[in-house]
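Enquirer: Once you've had a glance at the structure underneath, I'll fire off some questions.
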Amino acid sequence: MKNVTKSIALILLCLCLFPMFANTSSAAEGIKITVEEGIDGKVKEERGFPITVTVQNGAEHFKGDIVFDYAQSFESGGGRVLSIDLPPGETRTFSLTIPGFGDPLRGNTSKETIHLFKGDWKSGKEVKFTGDKRLNPNFIYMDYASIGLLSKDADRLKSLKASQVYGNKVEALNLSEKNFPGDATGLQMFDFIVIDGFDLSLFSKKQLDALHRWVDKGGTVLIGSDVNVQKTLGPLADIAPLKVDGEQTLSDLSFLETQKNLKVNVKTLSAIEGELTPESEAVIGEKENPILAKKSIGRGEVWQASFLLSDSQLNDWAGFTPWINEFYSKTKYSNNSYNMGGRAQGFYYEMGMVNELFPSNQFKVSTLILVVAVYLILVIPVLYFLLRKFDKREQSWWIIPTVSILLSIGIFLTGAKDRVTKPHMNQMSILEADGKGAVQGISAFTFFSNSSGDYTLSAGHDLELYANNSMNAPEFDQYKYSLDEVTRNTTDTTLRDVEYWSTRTVMGDAYKSDAGSFSPQLSLKDKTLTGSIGNDFPYDFEEVYLWSGTRTYSLGGVKAGQSLEVDKKVSVDYLSSPVSNNSIPPSFTGQQGLDDQRKQSLEQVSSYLMEEEASGNRPVIFGYTKDGIVDVTMKDRKPKKDNLSLVYQSIPSMGDFNGPFSLKNEQLDVEVKPIDGKVIDNYSMNGSGEMELEDGTYEMILKLPEQMQESDISLNSLSIRQYPETPLEFSMIAPSDGKEKKLEEQSSNTFEVKDRLTDYLNEDGEMVIKFVKSTQGNSYTQLPKIVLKGEAKQ
């Protein structure tokens, strides 16, 4: 009877509890999630993009987190958190940025990348929902140029949509105030943004700030102008290169002709009369009446035409598309490393792995031998005679193991005392100073855990940091490794389930608007560098260097707010942009070895960045500081921090150079641009001159060091020695009339020019050599070795 009663009671209890479980399930399953990725469902490979998330609640009140997996590469991944709070029956729309959706996620199309948690993700209560279970964007391939169009009539931009950027096809997407992202990461998917007759007053402050920040970090904007452009640009008019003075009608339109067989058939063109804003330059037209102007903003550029790009006459003329193609060749498109998305993650093996090395307390072999010898003496003869004397030899069974345990604990605590009490954090940064107070670059933060569990790093929005996971793979749940929560002022990254005494690294782009700058007042004469370098940073630099070509020159240390006096012999008469010497890394030992290894890593990576971002052929000064320029905090913990930052700044011309010179590739700042071809890849950093090029026609631009450009230059000879494996046909382009001079091979694989060579040097100190590559499908190209000789006179 008792068993029957118990059975009935159990059944009634189950019946009472069943509605509770049913309600929990229905509450979750009543949620429907719909996601629109990127712009019109399209995103750029390996770059950040915006998403629009629509959440419908068809059941009871729901509060929880949606987590979206992301992975920029096989070295980086995590989850991005969106917190929601929906009353019953409501539908709400949210905007979010995804840092990237790369191969680890694309490679497993059946894996769900959207997760819903009731309460929050920390509770671990993942629940079911309906709708989209994974992000599924359409990808714009990396070899396509992506352009965002802000225009009141984007359909009229026919020529721009048909254009090609460095031989790459264009994917143009329409933007508006409704789909424009609210942060710069969401704009990474664009190579260019075109503003043509669009009223930016419709934008929110967040959208305007995102556009400005995107430009500052390397984006390129092209503005078409009418008489109302200053009004429609709104606050962005401050970074535009032109200020409107009035309206004019252009009748001489020869500037539009980029191909001899395409004569302009437009009679007149409505344009603005404008003057250059501070720090802007005229690229086409006179300084007093520019037609195309540009202004550098941080690492990016703002270009402005004095006419509307959507002008119907221009877009009906076949020659306008080649003119736009020519415009692209003048921009920083090939150097736009920020918009490559996950740029910092690409340097994990060069920089991040070195940052994961932490010092340890090591005993000398002699010390260990001494400890063991003392232990053996104490345990065997001393202990034996003491116990024998007091007739207590039977106590040795516990005294010997106790002494052994205490000695082992002592050795352990001596070696691990710093690792037990608190976590350690290394910070390495490479930051470029713009000379106006701002710095930006790459930062890596690595902590060494002192206990197992979750660790949360909090960073301001000027740092875009993502967790590095060198073991990333398609089968992994990205959110189980790390999670990002974006708040009003910070982004909090939680590294999950960190093991005891383990390392975790986050890397990303860093920016600080009020860091400071160097103030160089230097001159070079008779191979002696003299003058001073003012340190306007609030940081002490333990050592400052000059970097020119493959050589660095130590100049000494300088405290914050002080000046460094310079009197240094150098090995050259003129200075040029930095080039890494690709030397084999030496072996390092001990703490000093760690510092040297970190410095070498920073110099190696910075050489890539300097060559990418080079503006003019000029040297740089750089210094090392152990002060924290950029920083992250660790929630509920206070780690011991070790900072090391390399800060560099290009320096202007140091006086006119006077005398003979002989310049090689690494001193000439060589750049290759396609005319009728395509640059597949460029790994010619550090002077190697190696590229992947399709068969076609290219321009090779040789730029003299900036120090020479104000001198009276007379060129005596040009020698071009090509590699037999990469036969090329060369011709020189005269800047005065664009005529070509085909070069004839003087000896085996060698071309030489001596007659009227100076006529081929333009006013910007550049020489343009056209070459034709026709190797029947073999894309590997080794640029020729060049020697340019001449004389400079003041």
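The values are calculated or read from the model by the stated rules, or taken from the named source; none is laboratory data. Quantities reported herein were computed from a predicted structural model and do not represent experimental measurements. FYI the Cβ positions are ideal-geometry reconstructions off the backbone, even for glycines, and counts take in every protein chain you see. Calculation scope for accessible area: heavy atoms of the full protein, side chains included, ligands and nucleic acids excluded. Shrake-Rupley method; radii C 1.70, N 1.55, O 1.52, S 1.80 Å.
Enquirer: Leaving out ligands, DNA and RNA, and with a 1.4 Å probe, what % of the accessible surface on region 145-330 is carbon or sulfur?
Expert: Here it works out to 45 percent.
Enquirer: Quick check: pseudo-label points 7 Å beyond the Cα along Cα→Cβ at V382 and S95, how many nm apart are they?
Expert: 7.5
Enquirer: Which percent of the accessible heavy-atom area of region 659-793 goes to carbon and sulfur, probe 1.4 angstrom?
Expert: Taking all protein chains in place, region 659-793 shows 40 percent carbon and sulfur surface.
Enquirer: Along its principal axes, what span do the Cα atoms of region 446-579 show, with the longest given first and each in whole Å?
Expert: Computed over the Cα atoms, the extents are 62, 31, 26 Å.
Enquirer: Pairs to check: K664/K703; K678/K739; K525/K569; K330/K664; K122/K480. Give those whose C-alpha atoms are more than 20 Å from each other in this structure.
Expert: K678/K739; K330/K664
Enquirer: Can you spot the aspartates and glutamates whose alpha carbon is less than 17 Å from K63's alpha carbon? Ignore those fewer than 8 places along the same chain.
Expert: E29, D85, E90, D120, E126, E485
Enquirer: Now, a different point. Evaluate Rg over Rh across the chain, taking Cα atoms for both radii and Kirkwood's formula for Rh.
Expert: That ratio equals 1.06.
Enquirer: What whole number of Å gives the distance from the Cα centroid of region 502-576 to the Cα centroid of region 293-315?
Expert: 35
Enquirer: Among DSSP bridges having both ends in region 145-330, what percentage is antiparallel? Round to the nearest 5.
Expert: 55
Enquirer: Can you give me the % of accessible surface on region 440-582 that is carbon or sulfur? Probe 1.4 Å, all protein chains present, nothing else counted.
Expert: Its accessible area is 43 percent carbon and sulfur atoms.
Enquirer: How much accessible area per residue does the chain have, counting only protein heavy atoms and a probe of 1.4 Å, in square angstrom?
Expert: So the chain comes to 46 Å² accessible per residue, rounded to a whole number.
Enquirer: Could you give the dipole magnitude of region 659-793 about its Cα centre, charging the beta-carbon of Lys and Arg +1 and that of Asp and Glu -1, in debye to the nearest 20?
Expert: The dipole magnitude comes to about 360 debye.
Enquirer: Given H placed 1.01 Å from N in the peptide plane, which residues other than close sequence neighbours of A172 have an amide H under 5 Å from its amide H?
Expert: Amide H neighbours of A172, under 5 Å, 5+ apart: I147.
Enquirer: With the cut-off at 32 Å, tell me which of the pairs K512/K793; K295/K626; K42/K635; K332/K638; K294/K568; K125/K635 have Cα atoms farther apart than that.
Expert: Over 32 Å Cα-Cα: K512/K793; K295/K626; K42/K635; K332/K638; K294/K568.
Enquirer: Just name one of Y574, N468, S736: the one whose Cα is farthest towards the positive end of the charge dipole of the chain (beta-carbon charges, Lys/Arg +1, Asp/Glu -1).
Expert: N468
Enquirer: Rg(Cα) of region 145-330 divided by 2.2 N^0.38 Å?
Expert: 0.96
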